[in-house]
Structures are given as structure tokens and as C-alpha cells.
1. Output the qualifying pairs, or none if there are none: Cβ atoms under 6 angstrom, residues six or more apart or on different chains, first residue in segment 40-67 and under 26 Å from Thr151 (Cα atoms) and among the polar types (S, T, N, Q), second residue at pLDDT 90 or above and part of a helix (DSSP H, G or I).
2. Is it the case that Met106 is in a loop (DSSP other than H, G, I, E, B), modelled with pLDDT under 70 and of a type in the set (A, V, I, L, M)?
3. Can you go through Arg24, Arg19 and tell me which one is among the basic types (Lys, Arg), closer than 14 Å to His146 by Cα and surrounded by 14 or more Cβ atoms within 10 Å (Cβ to Cβ)?
4. Could you list all residues from segment 52-76 that are over 12 Å from the mean Cα position of the chain (by Cα) and either surrounded by fewer than 20 Cβ atoms within 10 Å (Cβ to Cβ) or assigned to a helix (DSSP H, G or I) (or both)?
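The values are calculated or read from the model by the stated rules, or taken from the named source; none is laboratory data. As the structure is a computational prediction, the values presented were derived from the model and not from experiment. All Cβ positions, glycine included, derive from the backbone under ideal geometry; neighbour counts span all protein chains shown.
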Amino acid sequence: MKDDLTTIPGNAEAILQVREECRRMVRNRSAVSAGISALPVPGLDVMSDLTMLTGLVNDVNAAFGLTAEQVEHLQPAYRRIVFGAAAGFGGMMVGKLVTRQLALRMLKRSATKVLAKSAARFIPLAGQLASAAIGFTVFRKLGYDHVEACTTVAQELLAARAG
């Protein structure tokens, strides 16, 4: 079996660099999510967030070399490290092909904030601003949590490779 660790950042500095690039990506997409959340179109924000979150998670996984396909090419011992570290850190989207259904489950975890975001939309202007702020915060938190999970997994793989 081919063991391809070359797609995973090869040292601690590279992991931190990828982490910062991914955090920047999260902030940019969170801003787009906030902009869409401010629009008074019911359901548009949720559909947009699902699409953007799915793309974001897949892009972050790819940046860390942790897509489903990349993880599949690892030796079984390394795969166990990936899924063990991801589960221990709550990274249920690390090393998996993320679908809209999985993204929806992640959004439902933040259901209270999402509900507040939707309810706030019915209050003119102030509600739209509150909805945008909540949308930004929820999206950024989900994105940052995933980046941290990928960082932890990459660090665990780096340690296993060295040891």
C-alpha cells in the first residue's frame, strides 16, 4: 500500500503556516456569510451557509492533506491516528468527504444562534445587522474549530512520523 504523507505539512512551521492560511480563509468566508445573512430573504442564508461550509471544510481538509481520498492512501496505523485524534478533538469532519447533510448537522449544533439569526431578520435594519453579526460568528466558530481539529491531527501525524 502506498503511504503518502507528502500531502500533510512536513514540519511544525508548515503546519502553523497552513493553519494561519486556513484561518484567513475562514474569516473571508465568514464575512461573505455575514453579508448574505444581512439580506432579508428567508432561507437564503441557510442554503448559502451549507454550501460555503461544505466547501470550506473540504478546502481546509485539502490544505492539511486530510481529505477522505488523501487519508485513504495512508497506512492503517496513520489512518487510526487521523480518526483517533479527530474524534478526541471533536473534529468529525476531518478526513471525510463533507456533504451538505454533515454540514447541516454542524449548523444544527449551533441551532440557537442560527434560530436567533433567522428571528432577528424580522426586525428591520437592526435585525439584519444582528443577523449578519450572528452569521459571521457562527460560521467563523465552526470554521476555526475545524481548522484547530486539522491542526491537531497534522501535529499528531507529524509526531508519529518522527517517532
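1. Pairs that qualify, where the first residue is under 26 Å from Thr151 (Cα atoms) and among the polar types (S, T, N, Q) and the partner is at pLDDT 90 or above and part of a helix (DSSP H, G or I), are Thr67/Asn61.
2. On the way: in a loop (DSSP other than H, G, I, E, B): no; modelled with pLDDT under 70: yes; of a type in the set (A, V, I, L, M): yes.
No.
3. Values: Arg24 fails: surrounded by 14 or more Cβ atoms within 10 Å (Cβ to Cβ).
The unique qualifying residue is Arg19.
4. Passing the criteria: Ala68, Glu69, Gln70, Val71, Glu72, His73, Gln75, Pro76.
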